[in-house]
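Right, one structure below, let's go through it.
The values are calculated or read from the model by the stated rules, or taken from the named source; none is laboratory data. Since this is a predicted model, take the numbers as computed values, not measurements. Counting neighbours? That spans all protein chains shown, and the Cβs are built from the backbone with ideal geometry, glycine included.
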């Protein structure tokens, strides 16, 4: 949470992301609540981000509605193969 205002948190997060990528592991950051955190994580090449910035936790019914309202186009087949093909990697949370 302190990646934008605490140098130690920022350095540790950058090191974890770099180490994971060096091992071929995708990184998922959890708990992003502010745009500044999203920008930091994007700048440090974090692969995925989740948290209240995007949405509160949702139940099954609410999730379906959220997806209908926020995602309009279906992914192309080539996007599925790149997401789930042989080159897919494990993920680590920071």
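Brief remarks follow.
- Among the numbered conditions (1) within 14 Å of the chain's Cα centre (by Cα); (2) farther than 22 Å from residue 66 by Cβ; (3) at pLDDT below 95, the only one that residue 4 does not meet is (1).
- Filtering the range 64-76 for residues that are in contact with a helix residue (DSSP H, G or I) (Cβ under 9 Å, 6 or more places away or on another chain) and surrounded by 12 or more Cβ atoms within 10 Å (Cβ to Cβ) leaves an empty set.
- Matching residues, the range 19-39, being outside any loop (DSSP other than H, G, I, E, B), under 20 Å from residue 5 (Cα atoms) and more than 12 Å from the chain's Cα centre (by Cα): 35, 36
- Looking across the range 17-40 at every residue that is touching a residue at least 40 places away in the same chain (Cβ under 8 Å) and within 21 Å of residue 54 (Cβ to Cβ), the one that is surrounded by the fewest Cβ atoms within 10 Å (Cβ to Cβ) is identified as 30.
- Filtered by the rule that a residue be touching a residue at least 40 places away in the same chain (Cβ under 8 Å) and in a loop (DSSP other than H, G, I, E, B), the range 41-61 gives 46, 47.
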